[in-house]
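K.L.:
The following block contains the structure, expressed as structure tokens.
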Amino acid sequence: MRKPTTIETLYLDFDGFFASVEQQARPALRGKPIGIVPFEGTQHTVVIACSKEAKARGCHNVMKVPDALKACPDLILVPQTPDLYRRAHNTLLAEINTIIPIDAVKSIDELTCRLDTSQIKNPHDLADKIHNRIERYVGPHITCSIGFAANRQLAKIACKQDKPNGTTIWTPDLVPEVLFPLPFDDIPGIGENMQRRLNKIGVYDMQRLLALSPKHMRKIWNSVTGERLWYVLNGYALQAQKSERGMFGHGRVLPPDQRSIPEAFQIARMLLIKAARRMRKAGYYSHKLHLWCGMRESSFGTSIALSGVHDDKACIDGLKAVWARLEASVPRSSRIIRVGVTFGDLKLAGQRQTDILLNDDPERQKWEQVSHAIDHLNAKYSGSIVTLGPWTPPKGGHLGGKISFTRIPRAEDFW
Ligand SMILES: [Mg+2]
């Protein structure tokens, strides 16, 4: 296992994201204690996020409204505006991307990047550039905290140590000692149950925990997760166990007059192209395609292996193969009410296990270029201007729904 001798990763976490976005967008809220609530005009709800001014007066995220008002009587309750947060997220990512490529978006307010040689030498300079860029091009009311370390998990812990607007650098020579004073609560992967289990065997602090052997941690956790945590906390570079992203998929109910098998195929093909487009944009390749069809009395589901692809041609070929199975197993007169397609077993470009036979396949490379050119044109004109095959969306629109940053469809949604 590799143990980096320098920092390699940046982790960035926006400070009080929802509240600071509201304050940036609405000057009247700046400098005031505000609490974001799900809906307007009800006391029977919770403050889902609060501003630093509210935090300074004893409020915290996920707190009942009456309790929050008791702690801070002049708290301003602000109903959430998810679309504003989504747009702020996109804007912030675009600005950060001008300074450093984003490796993975972990949530609406957290992301991580890999450092190049010059950034490794001068992390303070990089952090200043990011802070300045956001201040100048988005606004001074949205701030972030940044952590640097040998691996992502350590960088994440580091980034929470100096909030708000701080920069924390944990070079490998500081690890693991720098973790000794931290409470277990600061360590992702040590929940309440695990804390109880650790206390039971006399481990009350990080110093004692890190004195255990990796095998011992595995035994306590009763899984390899414990062993992995030991290596991560001791500054080793561990490969992610699986892709960060679960899947890309779309499904929909078919209009009553478009439920024959050939008509359903055309809609499935468009759903598939939409999902493939999102998958390419996120930089993933798929090794598995799932198809699900719901009929009045029964349903049909199947999946096939793909060879780590994301171009439209290969994806459509995959769909044709699963569709042939559908045609072979349901009566020709079947009416399909719902159809769903999902790309699973995703790998990022860098983690793709390249198939020697396919990687050099000039056909594949040609179709990847074609797909990227199509994406470029469609992005330029904000629509499906160019597609592989006809594009006649079914009545009712909403082919595939909206992109969500908080909810990623799961396999079960389609089975
Ligand atoms: Mg945050």
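K.L.:
On average, how much area does the Cα convex hull of the range 210-322 cover when viewed from any direction, in nm²?
P.N.:
Over all viewing directions, the range 210-322 projects a mean Cα-hull area of 10.3 nm².
K.L.:
To continue, here is another question. To the nearest 20 Debye, how big is the dipole of the range 62-195 about its Cα centre, given +1 on the beta carbon of each Lys and Arg and -1 on that of each Asp and Glu?
P.N.:
320
K.L.:
Label-point separation (nm) for residue 26 and residue 392, each offset 7 Å from Cα along Cα-to-Cβ?
P.N.:
Distance between the two pseudo-spin positions: 4.7 nm.
K.L.:
For the range 7-175, how many pairs of lysine residues have a Cα-Cα distance under 21 Å, where the two are 8 or more positions apart or belong to different chains?
P.N.:
Here the count comes out as 22.
K.L.:
Could you check how much of the accessible area of the range 258-352 is carbon and sulfur, as a whole percent, using a 1.4 Å probe?
P.N.:
49
K.L.:
Hey, another quick one. Using 0.36 nm times the number of residues separating residue 196 and residue 260, minus their current alpha carbon distance, what extension gain do you get?
P.N.:
17.3 nm
K.L.:
Quick one: order 238, 115 from most to least accessible surface, probe 1.4 Å.
P.N.:
Ranked list, largest accessible area first: 238, 115.
K.L.:
Taking the full set of protein chains and a 1.4 angstrom probe, give the accessible area of residue 278 in square angstrom, rounded to the nearest 10.
P.N.:
For residue 278, solvent-accessible area is about 50 Å².
K.L.:
Please report the net charge: other residues with Cβ closer than 14 Å to the Cβ of residue 139, K and R +1, D and E -1.
P.N.:
Summing Lys/Arg as +1 and Asp/Glu as -1 gives +1.
K.L.:
Here is a further query. Full extension from residue 121 to residue 177: what is 0.36 nm times the residue separation minus their Cα-Cα distance, to one decimal in nm?
P.N.:
Going from the current span to full extension adds 18.0 nm.
K.L.:
Show 21, 253 ordered by accessible area, largest first, where the area counts protein heavy atoms only and the probe is 1.4 Å.
P.N.:
Result, largest first: 253, 21.
K.L.:
Would you tell me the accessible area of residue 192, worked out with a 1.4 angstrom probe on the heavy atoms of the protein chains, in Å² to the nearest 10?
P.N.:
Its heavy atoms expose roughly 140 Å² to the probe.
K.L.:
Helix 312-329 versus the longest principal axis of the chain: what is the Cα-based angle in degrees, 0 to 90, to the nearest 10?
P.N.:
With both axes taken from Cα atoms, the answer is about 60 degrees.
K.L.:
Rg(Cα) of the chain divided by 2.2 N^0.38 Å?
P.N.:
Working it through for the chain, the quotient is 1.13.
K.L.:
Another question about this same structure. How much accessible area per residue does the chain have, counting only protein heavy atoms and a probe of 1.4 Å, in square angstrom?
P.N.:
Accessible area per residue: 52 Å².
K.L.:
Then there is this: All other residues with a Cβ under 14 Å from the Cβ of residue 322 taken together, and with Lys, Arg as +1 and Asp, Glu as -1, what is their net charge?
P.N.:
+2
K.L.:
A follow-up question, please. If you take every DSSP beta bridge fully contained in the chain, what fraction is antiparallel? Give it as a percent rounded to 5.
P.N.:
Around 85 percent of the beta bridges assigned by DSSP in the chain are antiparallel ones.
K.L.:
Put a dot 7 Å past each Cα toward the Cβ at residue 6 and residue 83; how far apart are the dots in nm?
P.N.:
In this crude spin-label approximation the distance works out to 4.6 nm.
K.L.:
Can you tell me how the range 177-233 classifies by the Cα gyration tensor, rounded, prolate or oblate, using a/c under 1.5 as the rounded cut?
P.N.:
Rounded.
K.L.:
Another question about this same structure. Out of the total accessible area of the range 1-82 (probe 1.4 Å, heavy atoms of protein only), what percent is carbon and sulfur?
P.N.:
58
The values are calculated or read from the model by the stated rules, or taken from the named source; none is laboratory data. Treat the numbers as computed from the prediction; the structure is a model and nothing was measured. Methodologically, a virtual Cβ is constructed for each residue, glycine included, from the backbone with ideal geometry; neighbour enumeration extends over all protein chains shown. Side chains are part of the model used for accessible areas, which takes the heavy atoms of the whole protein and leaves out ligands, DNA and RNA. Shrake-Rupley method; radii C 1.70, N 1.55, O 1.52, S 1.80 Å.
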